[in-house]
Each structure stands twice: as C-alpha cells, then as structure tokens.
Amino acid sequence: MANKITSIAQEDEKFPPSQEFRKQAAIQSLAEYKRLYSESVKNPEKFWNTQAKDLLLWRKPWKQILKWKESHAKWFVGGKLNVCENCVDRHLGTPRENKAALIYEGEPGDQKTLTYRQLHTEICKFSNALESLGIRKGDRVAIYMPMVAEAVVAMLSCARIGAVHTVIFGGFSSESIKDRVNDCAAKLVITADGGWRRGKIIDLKVNVNQALKGCPSVESVITLKRTANRVHMKKGRDFWWHDLVESASHVHKAKAFDSETPLFVLYTSGSTGKPKGVLHTSGGYLLGTTITSKYVFDLRESDTYWCTADIGWITGHSYVVYGILSNGGTNVIYEGAPNQPGPDRFWSIVDRHKVTIFYTAPTAIRAFMKWGDDHIKKHDLSSLRLLGSVGEPINPEAWKWYHKVIGGGRCPIVDTWWQTETGGIMITTLPGAVYSKPGSAGLPFFGVVPKVFNDAGKEVRKGTSGKLVLTEPWPSMLRTLYGDNKRYKETYWSEYEGVYFCGDGCRQDKDGYFWIVGRIDDVLNVSGHRLGTAEIESALVSHHSVAESATVGRPHEIKGSAIVCFVTLKDGFKGDDKLKALLRAHVGAEIGPFAKPDEIRFAKALPKTRSGKIMRRLLKDIAAGKEIHGDTTTLEDVGVVKQLQANKD
Ligand code: WTA
C-alpha cells in the first residue's frame, strides 16, 4: 500500500503550526480542540444544536435535533431553511455584499469576478428561468458543465427552488451521462457548448445529445455558450442559457424548505459495476460543510480561497460551493488544466489573485514535484497561509515537498480525510490547534467518532491495522442511495451492525492519529478519482471481442493507482496493439477518458480459485511486476500463476 507506515520514526515526525499562525487561528491549542471535541461527542445533540443556530439562517426552528432509526438519520427535524439563501442572500446587506464570491479564470485566460450581489442577481434570473421550464421542488436536474462560474449559478439555483441537482463530471462519456440521468430520471440537463481543456474544446453538448437518445425522462436542455463552437440544438427541447436569462426577472423569492429536503445526488463508484447515487439533504449537509470550512480552513473574511477540485466531485460541492459560500468566502475557480499553457499555471493564478488558502489533491502535488521547482520559483507565493490535501493518502515525501516548496515552510497543511458519503471533512488536523504528521490524516473533527475495527467487529489496539468505521451519526452524512435503500444498507451498514463502514483500511497510532492505508474493497483511486474495478470490467466485456476481464490497480508515482486490465478474448480475436488501442478507446467511451486503462494485458485465461473467483491479489502482484518473466505485454506465464493457484487452494 502506497502509504503503509514502515517506521516508527516516520510516525513521530511532527509539524506544529507556527506561533504566528496559531495566534490568529479560530482554535489555538490542542487543549482547546480536545475540550471542544469532547463536548461534541459527549453531548452531540447539544453541540449540533448550538452550531446549527450559530452558523446557519433558519426560517423555522426545528422540533427535534436528531431522529435516528437504524441507518437512517434525520437532522433538525421540522426546521426550515433555504440552502441558497444561506450561501448568498444572507450576505447581502452586510459588508460582504460587494465582496467577491467567485473569481473565475477560464483556461484561455478570460476572467470574471462575481460579487455576492452579482451572484445573487445571476441566481435569481436563472432560478426564474428554471421555473419557466417547469422545474419544481423535487425534480432532478443533471448538470454537465465545465468549471465555470455559471456551473455554480446552476447548482445554487437548483438549491434555491428545491430541485435536486446531480452534477456529472465533464470527463464522463455520453454512456455515463445516460446511466446517471436515467437512474434519477432527470427532467432537465444543463450543459455548455463546450469547455476548454489543454487548449482543446471538450464537446460537452455533443456528449449530451448522444446520451439523450436514450433518456426518456429529459424534457429540456439548457446550453451555456462557452466556446462558441457549432452545436446541434433540437427545437422544443434545447434552450440557450443567455436567451432564457435575458428575459428572466432578477427578482426571485427563495422559499423555505424542510431541513431534510434532498439537495443533491452525486454518483460515485462502489464495488459493483453500477455507480451509487449518494443522496444528501439540506440542513445537515449545509451545517457539516459550513462548520468544517470555518474551522478546517480557518476561513477568515480576508481570505482568498482556492480549491482546485471540479464541481463534478464531492470536494467541488462541499468546498467550492456550499461550505465556502455559506461562510461568505471568496472562491477562486479555474476552468482548465494545471499545465496550460505551461506547468506554472496554478502558481501564476496563486500569485495574480493572491490566494491565501490552497486545497488540492496528492496526485496534483506529485505532478508538480515531477515538473520541477523552477516553474514554482517564477512566482510569488507569499500570499499563501494554509494548504490542504484531499482524495487519497499523501505520501510523506510529497507532503514535505508541498510544505517546503509551495508553503515556504510557513503554511500548515491540513490533510483531510472524508468521502462523497460523509459530505464533509471527518478527520484532519485543525490548523493552529494541532500538529501535523506527514502521511496521517490526523484526528477526528467535532462530533466524529472514528474507530478501527477487526473483522469480528472489535476495536483493535492502537498500532494495529483494521477497517475504519464511524460509530455515531453526523449531520452531513448521506441519507441513502437514490432509489436503492437496500444497497445503502448492504454497502455501509452490513459489515458491522449499526456502524458505518467506509471501505478504507486504517490504523491509529499511539497519539490517536489516523493513518489511512487505502481502500480495502474493489475501488481504485486514480488521480484522486474513485473508480470501481467492476465498472471498468463491465465496460470491457461490453466490447464484442472480450470474453472476460479483471481490473486491478498498480501503484503509480503520480496517479496513485494506474489501471491494469487483464483481458481474455473471444475466439477469433487477436490480442495485438491495435486491439489494445481499441479497447482503451472503448472504456473511454463507456465511462470517460479519465478511466482509460493504463495497461491492457491479454491472457489465455484468468487465474481463478477452484470456486471460480478471480484471484485479484495475485493479479495485483503480477501488475506490480512481481511475478512477470519474459514478455511483459501478455500474461503468458500461466505456469507460475497456476502453481500459485495450486498453493493457495
Ligand atoms: C480516499 C473525496 C487518505 C479514501 C473527498 C476515501 C483519502 C475516498 C483522503 C473517498 C485522505 C479521501 N487520506 N485517503 N485525506 N481523502 N481519501 O468519495 O479512500 O471521491 O474513502 O471523496 O478517497 O473518495 P471520494
């Protein structure tokens, strides 16, 4: 495992925050963190009651703080609020009114800043536009857009009118759009004519048009003009964004909705071929993202915050849109690739916009390390005061490089462990309060009770590896999987009775720090993106040449995991380079370009146990180069495999 702890010395390496940082931080000492944490877990309802009152704007108070029945939580029952009003309207009439909410930069270099007042106007117009197309509370709306300011407007407008958005990452293919749109029966799709990526146009509308050939629930499509390339618009179904908002009123009254009103569905990979629609609701989710943004990022009025995540992933939902805007923060958003036009694009953005908080993924950090420090030294990064990491375990070497080269040795790093399902950050080191240990996510956030269990469901001793569980409900937890309560229970609540199992392996050190060692199920973390091996396998077998396939991860210097597929072909097909290229393209078309296998190996047979289970562990070793002799492009050494098979059975 990439982040396995090999020495105690490493575990003991501590980076305390500087005095300077500590003095201005929201929470300034380990003792203060411990006191607050202890309060939050001794009497969670009291804690969350106070936080919900302090941090959010409610139209109607709740009658019950938490209603917990088996695996189903309801938070702030009876309370009413509007999520969009919390993120935007409530800052109007305050000194934040004309503060930048979004500082947007497109890949070609175009820039736009929206103040809270301007963002509000855009949202009101777009909300009216959505309503003019018949979108109402509870309707599902798919958003497939580039990382532009309008994508944030689209999400918040859905929230404002009570529609449930499902954002589909722009790297997904038309097949993936179709699956997601059909799973939640979306009525509307919001997209763009294209988006810029590495100097090229991503044909978003073309993909939507293709997908919609098989999506009977979709009644209309709104398309933003972004790249001005020619796209096909279907009469009666397709509307241009600018046409709709031009005639829309800039006045829109936000209604109050129940705390448990669904806010969004976000599809994520699990260990089966079908993505899971993680459902989040309003009050609890907003509270979880608001409180973590405030304390984990130590967010202050003067900060310019930049999270590099795309809105297509949970990090973009929680820490670009909801948590940050709810706190009245200033968000930088950037459309394109980190190396366009050159490998210093990110640092140029930090320098020009004087970014103070920077939140990214280890895979990006490793790429920057590889590209070399010279690109970084060209820019003044002295505005930075805090750095964050998310998506996978960060290897201590990358951590230290990030700290020294990007953070100039002065910025604390918050490594943040959480998931699409948790909605918000669960384990981290609160900056200013707590020292960091490179490679460890840290300590639980308020109200979070993580434990490491063995297979029998007993808590293991400190220092022993096991499965990471969360034993208490928390406000921003997922409520269910959209339309599939059974799978919700099976996936998260069946490993251990009444306890949430997250799918990660973990160990806790003697100081109570959690060290995540990666997924223990068949989920890969590729460049910070979650991908189920089963999804890739089912994409492969949908090709007419493939009989069977098995997909495993191989440790990769930059991406975390590389995707390695073992494939057996149907009779009459030849496993050559041409077919490899075809299959890679096929997976790209089925799931999305980011899921294309790094390596395809043809084999006459896949190694299986006598009961017919593919021996993935063995394939993992083979993929990692441990068992291969001779020709490495095909799995020809079946003799060795068979031998091992015999030994194991
Ligand atoms: C992994 C992303 C170690 C983990 C927010 C988790 C991490 C999965 C960290 C969720 C971290 C995320 N350290 N591992 N700081 N953050 N992970 O749903 O395996 O895209 O279960 O959410 O990413 O991925 P997801």
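The values are calculated or read from the model by the stated rules, or taken from the named source; none is laboratory data. These numbers come from a predicted model, not from an experiment. Cβ atoms come from the backbone with ideal geometry, glycine included; neighbour counts cover every protein chain shown. Just the protein is used for accessible areas: all its heavy atoms, side chains included, with ligands, DNA and RNA removed. Shrake-Rupley method; radii C 1.70, N 1.55, O 1.52, S 1.80 Å.
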Per-region count, the stretch 289-305, residues out of contact with any His (no Cβ under 8 Å at 6 or more places or on another chain) and open to solvent by 10 Å² or more (accessible area, probe 1.4 Å): 6
Failed criterion for Thr223 (all others in (1) within 20 Å of Val355 (Cβ to Cβ); (2) not in a loop (DSSP other than H, G, I, E, B) hold): (1)
Flag if Thr121 is polar (S, T, N, Q) and within 27 Å of the chain's Cα centre (by Cα): no
Count of the stretch 287-311 residues which are part of a loop (DSSP other than H, G, I, E, B) and over 18 Å from the mean Cα position of the chain (by Cα): 6
Among (1) over 30 Å from Glu13 (Cα atoms); (2) not in a loop (DSSP other than H, G, I, E, B) - the single one Gly483 does not satisfy: (2)
Residue among Asn82, Asn49, Asn43 that is closer than 21 Å to Tyr295 by Cβ, modelled with pLDDT of 95 or more and touching a strand residue (DSSP E or B) at 6+ places or on another chain (Cβ under 9 Å): Asn49
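Within the stretch 312-328, can you find the residues that are within 17 Å of Leu114 (Cα to Cα), in a loop (DSSP other than H, G, I, E, B) and touching a residue at least 60 places away in the same chain (Cβ under 8 Å)? If you could, list the steps in order and put the result at the bottom.
Residues of the stretch 312-328 within 17 Å of Leu114 (Cα to Cα): 320-322, 324-328.
Still in the running and in a loop (DSSP other than H, G, I, E, B): 327-328.
Passing the criteria: only Gly328.
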Any hit, the stretch 426-441, residues being assigned by TED's automatic domain parsing to the domain that holds Phe297, open to solvent by 30 Å² or more (accessible area, probe 1.4 Å) and either part of a loop (DSSP other than H, G, I, E, B) or within 16 Å of the ligand (Cβ to nearest atom) (or both): yes
Residues satisfying the stated conditions in the stretch 307-326, i.e. among the aromatic types (Phe, Trp, Tyr) and surrounded by fewer than 24 Cβ atoms within 10 Å (Cβ to Cβ): Trp313
Conditions (1) over 25 Å from Lys274 (Cα atoms); (2) open to solvent by 30 Å² or more (accessible area, probe 1.4 Å); number of the one not met by Gly483: (1)
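Conditions tested, residue by residue: (1) open to solvent by less than 50 Å² (accessible area, probe 1.4 Å); (2) in contact with a helix residue (DSSP H, G or I) (Cβ under 9 Å, 6 or more places away or on another chain); (3) under 19 Å from His544 (Cβ atoms).
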| residue | (1), (2), (3) |
| --- | --- |
| Leu582 | no, no, yes |
| His586 | yes, yes, yes |
| Pro597 | yes, yes, yes |
| Arg601 | yes, yes, no |
| Lys608 | no, yes, no |
| Lys613 | no, no, no |
| Lys620 | no, no, no |
Top-ranked residue in the stretch 531-561 [being in contact (Cβ under 8 Å) with a residue 60 or more places away in the chain and surrounded by fewer than 20 Cβ atoms within 10 Å (Cβ to Cβ); ranked as farthest from Arg507 (Cα to Cα)]: Ser538
Pairs where the first residue, in the stretch 517-530, is in contact (Cβ under 8 Å) with a residue 60 or more places away in the chain and on the phi < 0 side of the Ramachandran plot and the second is charged (D, E, K, R) and near the ligand (Cβ under 8 Å from one of its atoms), C-beta under 7 Å, 6+ apart: Val523/Arg530; Asn525/Glu392; Asn525/Arg519
In the stretch 62-75, the residues that are surrounded by 12 or more Cβ atoms within 10 Å (Cβ to Cβ) and over 27 Å from the mean Cα position of the chain (by Cα): Trp62, Gln64, Ile65, Lys67
1 or more residues within 16 Å of the ligand (Cβ to nearest atom), at pLDDT 95 or above and open to solvent by less than 20 Å² (accessible area, probe 1.4 Å): qualifying helices (runs of 4 or more DSSP H) within the stretch 338-423: 362-371, 396-401
Conditions (1) open to solvent by less than 10 Å² (accessible area, probe 1.4 Å); (2) within 12 Å of the ligand (Cβ to nearest atom); (3) not small (Gly, Ala, Ser); number of the one not met by Asp509: (2)
Candidates Glu39, Glu70, filtered to the one that is among the acidic types (Asp, Glu) and either closer than 23 Å to Tyr496 by Cβ or not assigned by TED's automatic domain parsing to the domain that holds Leu299 (or both): Glu70
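If the requirement is being within 16 Å of the ligand (Cβ to nearest atom) and open to solvent by less than 40 Å² (accessible area, probe 1.4 Å), which of these qualifies: Val517, Val564?
On the way: Val564 fails: within 16 Å of the ligand (Cβ to nearest atom).
None of the other options fit; the residue is Val517.
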Selected residue (criterion: farthest from the ligand (Cβ to nearest atom)) from residues of the stretch 462-499 that are without any contact (Cβ under 8 Å) to a residue 60 or more places away in the chain and touching a Ser or Thr at 6+ places or on another chain (Cβ under 8 Å): Val499
Residues of the stretch 122-178 classified as open to solvent by 10 Å² or more (accessible area, probe 1.4 Å) and among the aromatic types (Phe, Trp, Tyr), total: 2
